[in-house]
1. Excluding same-chain residues fewer than 8 positions from K156, which aspartates and glutamates have a Cα within less than 18 Å of its Cα?
2. Taking Cα pairs under 8 Å and at least six residues apart, what relative contact order does segment 33-99 come out at, in percent?
3. R35: net charge of surrounding residues, Cβ under 10 Å, Lys/Arg +1, Asp/Glu -1, itself excluded?
4. Quick one: what are the phi-derived ³J(HN,Hα) couplings along segment 116-130, Karplus 6.51/-1.76/1.60 with θ = phi - 60°, whole Hz, x for glycine and proline?
5. Please arrange L28, L143, L121, L159 by counting, for each residue, the other beta carbons lying within 10 Å of its beta carbon, fewest first.
6. Give the relative contact order (percent, whole number) for the chain; include only Cα pairs under 8 Å separated by 6+ residues.
7. Hey, rough spin-label estimate for R136 and D43, points 7 angstrom out along Cα→Cβ, what's it come to in nanometres?
8. Compute the acute angle (0 to 90°) between the alpha-carbon long axis of helix 72-83 and the principal axis of greatest extent of the alpha-carbon atoms of the chain; round to the nearest 10°.
Amino acid sequence: MWRIGLIFLLLLGSALQVTAQEEQEYTLNAGDAVRIHVYGEPDLTFDDMLIGQNGRISYPFLGELRVAGGTAAELQNKLVEGLRPDYLINPRVSVSIVKYRPFFVNGEVKRPGGVDFQPGLTLRKAISLAGGFTERANKKEFLVISDDDPQEKERKAGLDYRVRPGDIITVRDTFF
């Protein structure tokens, strides 16, 4: 029995490690929401700050900050540097992502549309969240447009593709 518990803890630990690593590498963009906590400063702490369509947030004392294209760690550093030395002597700031922007599934799925992103999603899981395949769906070939591709070029992907926020996934139909 203790072996099962140990295996469970090891699997949970590796899943949390993957999620933490993905969050460190994750690039913020419009539609994401972040939690900003400045220790000892409740007026500078925000639990759910949405990044606007212009890729910016409005923060007290610092005004409009461009955060799109950066990571949560970069935003944290920007806030620390902005608050020091004019406002706080030694600001302690933490930034975490509380809501990721959605991705979109269209084509031959039962519930096409926007789906809330969750770290660790594969295309197979994303299709399940969209209600699964329709009877006419091509279950072997999928097209993806990445949010960070300025040319918005479609590329083929398989069921093991790691979905990213903002992706547009198309499930085509079959001819037969």
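The numbers here are math on the coordinates, done by the rules we state, and not lab data. Here the structure is a predicted model, which is why all the values come from computation and not from measurement. In this analysis, Cβ positions are derived from the backbone assuming ideal geometry, glycine residues included, and neighbour counts consider all displayed protein chains.
1. Counting by Cα, and skipping residues close in sequence, K156 has these aspartates and glutamates nearby: E108, E141, D147, D148, D167, D173.
2. Details: 93 pairs, mean separation 26.5, N = 67.
Value for segment 33-99: 40 percent.
3. Working: positive: K99; negative: D47, D48.
In short, -1.
4. 5, 6, 9, x, x, 6, 9, 4, 4, 5, 4, 5, 4, 5, 8
5. Details: L28 24, L143 16, L121 21, L159 13.
Listed from fewest to most nearby Cβ atoms, that is L159, L143, L121, L28.
6. On the way: 311 pairs, mean separation 32.4, N = 176.
Once divided by the residue count of the chain, the mean separation gives 18 percent.
7. That separation, rounded to one decimal, is 6.0 nm.
8. It works out to around 20 degrees.
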